[in-house]
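Written below as structure tokens is the structure these notes are about.
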Amino acid sequence: MTHRLAFANQKGGVAKTTSVLAIGVALVERGRRVLAVDLDPQGALTFACGFDPDDMDETVNDVLVRRLPVEKVIVSAEVDLVPSNIDLAGAEAVLLTKTGREFALQRALADLEGRYDYVLVDCPPSLGILTINGLTACGHVVVPLQCEALSHRGVGQLLETVGDIRHFTNPALEVLGVIPTLYDGRSRHARTVLADVGGRYGVNVFEPPVPRSIRFAEAAQAGRSILAYAPSHPGAEAYRALAATIEDSL
Ligand SMILES: Nc1ncnc2c1ncn2[C@@H]1O[C@H](COP(=O)(O)OP(=O)(O)O)[C@@H](O)[C@H]1O
Ligand SMILES: [Mg+2]
């Protein structure tokens with residue numbers, strides 16, 4: 001059976017992309033077969049996996065818009081990857097004219113059933129049709145949340161969208177939990193936010209929080225996960241622990 005997890009938060013810079021790659025690689029270390037799907041026209045996940053997005057001939061855009069079979073675009077890195085690039089920016093407008101537009105990714109991924117233990121979908125920083133495709137295609141949502149600059153209204157909006165998705169396209173969708181990211185344990189504000197968020201929204205907040213470190217940006221620049229770039233760094237260890245927790249909670 002394949003678990004499909006959408007990493008979503010309409011706020012940018014909260015470590016969605018970083019978390020998809022790090023959790024994905026931690027799951028590979030645990031012996032799982034993992035596919036990551038870059039659903040952001042910025043192609044940050046594709047870049048973080050060591051590819052130049054502009055060099056990718058066929059991407060998730062061809063899968064969603066031209067119905068190219070998804071196995072034709074998968075490339076292999078620390079995890080298997082469905083790449084993306086700026087071509088996907090046009091997909092939004094094209095999909096909006098199509099019947100079944102919310103289901104394009106779900107239909108594409110159905111072809112892979114059983115080939116992977118996990119499919120992790122990296123959603124873009126919006127609640128538009130691409131994120132709706134991600135949420136429609138997955139059984140669970142994981143919400144990376146920056147402890148410092150928490151926008152409460154943002155989380156409420158995301159949970160409202162999850163409610164809409166349940167109503168219209170994917171009744172089985174569940175919020176698996178929040179990954180607290182960019183955590184500065186010395187800041188009292190960060191600790192307060194962390195203590196508050198679970199109760200306020202009735203969601204599970206995973207442990208441990210991922211510490212803030214310049215190593216993450218360095219790893220992404222090098223086209224590698226934090227687990228490969230700095231294997232014993234506390235950030236890598238945090239993601240290993242989170243991957244174990246995620247597996248236990250499924
Ligand atoms: N724990 C962390 N500490 C410091 N920087 C981080 C951490 N996690 C991610 N980053 C950096 O923050 C930026 C935004 O992360 P990213 O994963 O791209 O966020 P999103 O996908 O939500 O926009 C990137 O430059 C990334 O390298
Ligand atoms: Mg991103």
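The values are calculated or read from the model by the stated rules, or taken from the named source; none is laboratory data. Owing to the predicted nature of the structure, the values given are computational and were not obtained by experimental measurement. Ideal geometry is used to build each Cβ from the backbone, glycine not excepted, and the neighbour counts take in all protein chains shown.
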Within the stretch 158-204, of all residues that are away from ligand 1 (no atom under 16 Å from the Cβ), β-branched (Val, Ile, Thr) and outside any helix (DSSP H, G or I), the one nearest to residue 5 (Cα to Cα) is 175
Selection from the stretch 192-237 of residues out of contact with any helix residue (DSSP H, G or I) (no Cβ under 6 Å at 6 or more places or on another chain) and under 16 Å from residue 143 (Cβ atoms) yields 193, 194, 196, 197, 198, 199, 200, 202, 203, 204, 207, 209
>> Tell me yes or no: at least one residue of the stretch 226-246 is closer than 27 Å to residue 107 by Cβ and away from ligand 1 (no atom under 16 Å from the Cβ).
In response: yes
Picked from the stretch 10-38 (must be within 9 Å of ligand 2 (Cβ to nearest atom) and in a loop (DSSP other than H, G, I, E, B)), the residue modelled with the highest pLDDT is 15
From the option list 95, 120, single residue qualifying as surrounded by 24 or more Cβ atoms within 10 Å (Cβ to Cβ) and not in a loop (DSSP other than H, G, I, E, B) is 120
Taking the stretch 5-26 and the residues there that are away from ligand 1 (no atom under 11 Å from the Cβ) and within 19 Å of residue 170 (Cβ to Cβ), the one that is surrounded by the most Cβ atoms within 10 Å (Cβ to Cβ) would be 6
Handout entry: Hey, residue 128 within 27 Å of residue 226 (Cα to Cα) and surrounded by fewer than 20 Cβ atoms within 10 Å (Cβ to Cβ) or not
Key = no
Original post:
Condition test on residue 172, is it modelled with pLDDT under 95, more than 28 Å from residue 29 (Cα to Cα), of a type in the set (Gly, Ala, Ser) and more than 18 Å from the chain's Cα centre (by Cα)?
Top reply: no
Inside the stretch 223-250, the number of residues satisfying the requirement of being of a type in the set (Ser, Thr, Tyr), in a helix (DSSP H, G or I) and more than 18 Å from residue 48 (Cα to Cα) is 2
